[in-house]
Amino acid sequence: MELDDKIYAHIVRLCEEGDSLIDEEEFDKAIEKYSHALELVPLPKTDWEASTWIFTALGDTYFINEDYDMAKNNFYNALNCPDGFSNPLILMRLGESLFECGELEKAKEYLLKAYLLEGYKIFNEEDDKYFELIRDII
C-alpha cells in the first residue's frame, strides 16, 4: 500500500518543518508538526512506512526534550511499524528511553539488539552509560 502522492508530499513537508524546528530548539512546535503529519496517515497507523519515521521523529524529539516516557511510547509505536524492529536507531533510542525511565532490564534488551545490528559504532555519539549497561553481556 502506498499513500496518495498529495498526502505523502504534505507529510514530508510537515516533517521537514519539524526537523527545522528541532534545529531551532523549538521542540514543542516540532512535536506539533510531526503529530499533524501522523494524523494524515490512515488507520491503522502501524501499517504505513511513513509512520515508522514519524514515530521515530516524535520519539527523538521527546527524548531530546527529556520527556522519556513519551519518547518510549513513540519508539514502541515505531517498533511496530514496517521495518521498525530491524531499525537499530529505533532499538537504541527505545533502550535509552527505557533506561531513563528506570526500566533497566528492558533497556538492556533493546540496547543489546541495537548493538547486535550495528556494533559499537551506534553508541559513538551517545552517553557512555547506555553502552555500559550492556558491556557485561556482550
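Taken together, the values in this text are just the output of simple stated rules run on the coordinates, not laboratory data. Keep in mind that this is a model prediction, so the values were computed, not measured. Backbone-built Cβ (ideal geometry, glycine too); neighbour counts: all protein chains shown.
With a point put 7 Å past each Cα toward its Cβ, work out how far D23 is from N65 in nm, to one decimal.
With each label placed 7 Å out from Cα toward Cβ, I get 2.0 nm.
May I ask for the Kirkwood hydrodynamic radius of the chain, worked out over all distinct Cα pairs and given in angstroms to one decimal? Could you put the intermediate results ahead of the total?
Numbers: mean 1/r = 0.0657 Å⁻¹.
The answer is 15.2 Å.
Scan the chain and hand back the longest stretch that contains none of the GluC sites (Glu not before Pro) lying in DSSP loops with at most 12 other Cβ atoms within 10 Å.
Values: sites that count: E2, E24, E25, E66, E125.
So the longest stretch without any such site is 67-124.
Over the chain, calculate the relative contact order: mean separation of alpha carbon pairs under 8 Å at least 6 apart, over the residue count, as a percent. All intermediate terms of the calculation are to be shown ahead of the outcome.
Details: 179 pairs, mean separation 21.0, N = 138.
Reported as a whole number, the value is 15 percent.
If each residue of separation counts as 0.36 nm, what is the full-extension length gain between T46 and H10 once their alpha-carbon separation is subtracted? Could you put the intermediate results ahead of the total?
Numbers: separation 36, 0.36 × 36 = 12.96 nm, distance 1.86 nm.
Between T46 and H10, full extension yields 11.1 nm more.
Placing +1 on the Cβ of each Lys and Arg and -1 on the Cβ of each Asp and Glu in the range 15-122, which of G18, Y34, N73 has its Cα farthest towards the positive end of the resulting dipole?
Towards the positive end, the residue furthest out is N73.
Please pull out the direction-averaged projected area of the range 23-81, using the convex hull of its alpha-carbon atoms, in nm² to one decimal place. Spell out each step's value before the answer.
Values: hull surface 14.4 nm².
Average of the hull's projected areas for the range 23-81 equals 3.6 nm².
Have a look at C81, C15, C101 and tell me which one the Gaussian network model of the chain (Cα, springs below 10 Å) gives the largest fluctuation.
Looking only at C81, C15, C101, the largest GNM fluctuation is found for C101.
Run down the aspartates and glutamates and flag those whose C-alpha is under 17 Å from the C-alpha of K6, throwing out any fewer than 8 positions away in its chain.
E16, E17, E39, E49
Checking the cross-link filter: which lysines have an alpha carbon closer than 19 Å to that of K129, excluding same-chain neighbours under 8 positions apart?
Straight-distance partners of K129: K72, K106, K108, K113, K121.
Could you bin all the Cα-Cα distances of the range 1-51 into 5 Å bins starting at 0 and give me the percent of pairs in each, rounded to whole numbers?
The distribution over the range 1-51 is 5, 24, 28, 21, 13, 7, 2, given as percents.
Give me the Å³ per residue figure for the convex hull around the C-alpha atoms of the range 45-120.
Numbers: hull volume 5.3 nm³, N = 76.
For the range 45-120, the hull spanned by Cα atoms encloses 70 Å³ per residue.
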